[in-house]
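The values are calculated or read from the model by the stated rules, or taken from the named source; none is laboratory data. Predicted model only: the values in this text are computed from it and were never measured. Accessible surface areas use protein heavy atoms only, side chains included; no ligands, DNA or RNA. Shrake-Rupley method; radii C 1.70, N 1.55, O 1.52, S 1.80 Å.
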Amino acid sequence: MKSFLRILQRLLPLLYLKASFLPEFTPFFEDGNEKFVTEADWTIIHDAFKSKFGTANDYLEVFDERMSDSEGPVVASLAENMADIYQDLKDFILLYQTGTMEVYE
């Protein structure tokens, strides 16, 4: 697991840095872009990450608006965060591969 975490420690900041260079844009489609990752796909990815992280999966949110509604700390999941990142990236890549001109603008 240490090597897996080491890879994530290097990959995630690089991904964040690269994404910060993307220009601002106005979405073309009112309803959002087409989704390619199904709920079943997301669950498989989530469960794989959750088993990798084991007891280190859960962490306490430090800055979350739900904290004002909660009497105790808000628990978040690394596996859920990673599955969401996977879903966003895969949906973007597959949408881009469709070759639709509206997607490129």
Once all protein chains are kept in place, Val75 shows an accessible area at probe 1.4 Å, nearest 10 Å², of 90 Å²
With all protein chains present and a 1.4 Å probe, the order of Met1, Met82 from largest accessible area down is Met1, Met82
